[in-house]
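What follows is a short report on a single structure.
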Amino acid sequence: FQFSYVDADGNAVPVPQLTFLRLLSAGARQNFTLNCQNAAAWYDARAGTFARALRFRGANDEELGR
């Protein structure tokens, strides 16, 4: 899946703007909401595993920890 970012008016945010924001920031916080019926995004209680957990990757291709 690929994410896209939009501003408050619904206009797409250009990649260079996101790149400069990343380069000039010391930290960031982002909220993510998943609305998907019957999805096990974190812990799959039926299987008793975290194998289907969402994983996020940073701009440097490193997986973000929890």
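The values are calculated or read from the model by the stated rules, or taken from the named source; none is laboratory data. It should be emphasised that the depicted structure is a prediction, and the values quoted were computed from it without experimental measurement. Ideal geometry is used to build each Cβ from the backbone, glycine not excepted, and the neighbour counts take in all protein chains shown.
Might you check whether a residue that is surrounded by 10 or more Cβ atoms within 10 Å (Cβ to Cβ) and of a type in the set (Asp, Glu) occurs anywhere in the range 43-51?
Step one: list which residues in the range 43-51 are surrounded by 10 or more Cβ atoms within 10 Å (Cβ to Cβ), which gives 43-44, 47, 49-50.
If we keep only those that are of a type in the set (Asp, Glu) as well, we get 44.
Yes, some residue in the range 43-51 is surrounded by 10 or more Cβ atoms within 10 Å (Cβ to Cβ) and of a type in the set (Asp, Glu).
Return yes when residue 20 is on the phi < 0 side of the Ramachandran plot, in contact with a strand residue (DSSP E or B) (Cβ under 8 Å, 6 or more places away or on another chain) and surrounded by 10 or more Cβ atoms within 10 Å (Cβ to Cβ) and no when it is not.
When the stated conditions are applied, residue 20 does not pass them.
Output the residue which, of all residues in the range 15-66 that are over 19 Å from residue 2 (Cα atoms) and among the basic types (Lys, Arg), is modelled with the lowest pLDDT.
66
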